[in-house]
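To start, the structure under review is shown below, and the notes come after it.
The values are calculated or read from the model by the stated rules, or taken from the named source; none is laboratory data. The model shown is predicted, which means the values in this text are computed figures rather than measured ones. Neighbour counts run over all protein chains shown; Cβ positions are idealised from the backbone, glycine included. Keep in mind that these areas ignore ligands, DNA and RNA; they rest on the heavy atoms of the full protein, side chains included. Shrake-Rupley method; radii C 1.70, N 1.55, O 1.52, S 1.80 Å.
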Amino acid sequence: MVSEKLAEKFKQEKETPYTRFIAGEGLDIIQGHYIPSLHEVELKPWARRGGNAVFINHDASRTTNDCYVMEIPAGKKLEPQRQLYEETILVLSGRGSTTVWNDDGDKTSFEWGAGAIFGIPLNANHQHFNGSGSEPARFVSVTNMPPLINVFEEPEFLFNTPHDFKGRFSGEPDYFADQGEQKGLLMETNFVADAVNLPLIEAKERGAGGGHIRFQLAKCSMNSHISQFPVGTYKKCHRHGPGAHVIILSGEGYSLMWPEGEEPARYDWKPGSMIVPPNMWYHQHFNTGNTPARYLAFKYEGVAIRNAQGVPKAWISQRIGGDQIDYADESQQVRNMFAEALSANGLTPAMDAAYEAEKPDLPPKS
């Protein structure tokens with residue numbers, strides 16, 4: 001925070017077409033990088049969509065991506081919508097269905113329940129339906145609307161421009177089939193029925209013997225991944241660009257986040273919690289519960305600052321110019337805090353194997 005005198009000089013630049021649009025829709029924006037429970041955030045009616053919602057903005061949302069939580073009342077449906085921006089969705093609770101169609105009249109529908117993830121094809125017409133007559137359905141969505149509405153400014157252009165992006169969606173009846181071709185860590189798919197129990201691929205580079213899988217939902221420029229790590233373990237610390245929305249799917253624990261040169265801050269989590277690491281802040285995830293911990297990250301591609309080989313620097317040791325801190329180089333404070341948190345739950349660290357596993361590939365210190 002700075003002085004009011006300095007802030008006054010930039011007052012006219014604080015609001016943007018994006019923030020004015022959200023205010024004009026009668027909705028609130030939650031600012032910050034930590035939501036204890038997406039299930040419990042308060043919502044307001046959103047007339048345009050026919051449901052209840054709240055927006056969540058991280059510190060760089062004006063230039064990357066945003067997030068909103070939407071609830072479909074029991075026995076209701078949202079209004080049809082199309083949009084010139086991309087969207088990825090995780091169903092938090094409830095069950096229902098979605099219909100997607102193009103201007104040629106080609107239509108496909110699919111059903112979803114809690115734990116499903118899917119993408120909305122760019123500018124495709126779509127409508128969400130609650131499948132229960134007694135319980136609401138709630139989902140969390142990440143979009144890249146902010147930079148686009150800031151460019152075009154006119155909401156009706158974003159929501160009412162007729163054009164089919166046939167390379168994204170051509171009315172394929174199996175477009176949202178629960179399957180996908182696996183290419184390395186990347187699964188090419190548009191729908192995952194159960195992200196909580198989806199089999200993962202070994203990814204020792206991130207430490208802790210965990211599993212990992214990556215997605216390009218609905219062929220969009222945003223991407224996402226799921227990671228899991230065992231009881232009594234934690235992931236390696238790293239940093240990257242802004243806009244990674246980390247949503248806890250299972251387990252309990254905490255994350256540490258901090259900008260370079262400052263002390264780590266702790267954020268406790270459980271299923272439904274969300275953390276959004278600010279731009280180039282170090283962050284690290286710790287499992288302190290009795291079950292494996294799993295999270296989903298919806299993110300802007302700009303997060304993944306890559307080397308010349310296309311590998312994200314967040315996967316590369318700082319010893320050779322990357323942005324990941326090896327276990328061998330982390331502070332003792334990190335290990336002490338983890339041991340204390342586990343002890344409170346009657347557990348002990350199970351990290352010795354992970355410490356040893358990194359040694360054969362550990363680059364020498366410069």
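List of remarks:
- For region 164-200, a residue qualifies if it is under 23 Å from Tyr234 (Cα atoms), open to solvent by 60 Å² or more (accessible area, probe 1.4 Å) and without any contact (Cβ under 8 Å) to a residue 40 or more places away in the chain, and exactly one does: Pro199.
- Residue list for region 52-78, restricted to those being part of a strand (DSSP E or B) and either touching a Gly at 6+ places or on another chain (Cβ under 7 Å) or more than 25 Å from Val276 (Cα to Cα) (or both): Met70, Glu71, Ile72, Lys77
- Close pairs from region 229-255: first of a type in the set (Asp, Glu), partner open to solvent by less than 20 Å² (accessible area, probe 1.4 Å), Cβ under 8 Å, at least 6 apart: Glu252/Trp269; Glu252/Asn287; Glu252/Thr288; Glu252/Gly289; Glu252/Ala293
- Residue match in region 29-44 (condition: open to solvent by less than 20 Å² (accessible area, probe 1.4 Å), among the basic types (Lys, Arg), in contact with a Leu (Cβ under 6 Å, 6 or more places away or on another chain) and outside the structural domain of Arg266 (by the TED database)): no
- Among strands (runs of 3 or more DSSP E) entirely within region 153-253, having at least 1 residues that are touching an Asp or Glu at 6+ places or on another chain (Cβ under 8 Å) singles out 181-183, 186-188, 211-215, 223-229.
- Looking only at residues in region 82-113 that are open to solvent by 30 Å² or more (accessible area, probe 1.4 Å) and outside any loop (DSSP other than H, G, I, E, B), the one that is nearest to His128 (Cα to Cα) is Ser97.
- Members of region 214-230 found to be under 30 Å from Asn336 (Cα atoms) and either open to solvent by less than 20 Å² (accessible area, probe 1.4 Å) or in contact with a strand residue (DSSP E or B) (Cβ under 6 Å, 6 or more places away or on another chain) (or both), listed by number: His225, Ile226, Ser227, Gln228, Phe229
- Out of Gln284, Gln333, Gln309, one residue alone is polar (S, T, N, Q) and either in a strand (DSSP E or B) or assigned by the TED database to the domain that holds Val41 (or both). It is Gln284.
- When region 45-72 is filtered for residues that are of a type in the set (Gly, Ala, Ser) and either at pLDDT below 95 or assigned by the TED database to the domain that holds Met274 (or both), the ones remaining, listed by number, are Ala60, Ser61.
- Verdict on Phe338 being among the aromatic types (Phe, Trp, Tyr) and part of a helix (DSSP H, G or I): yes
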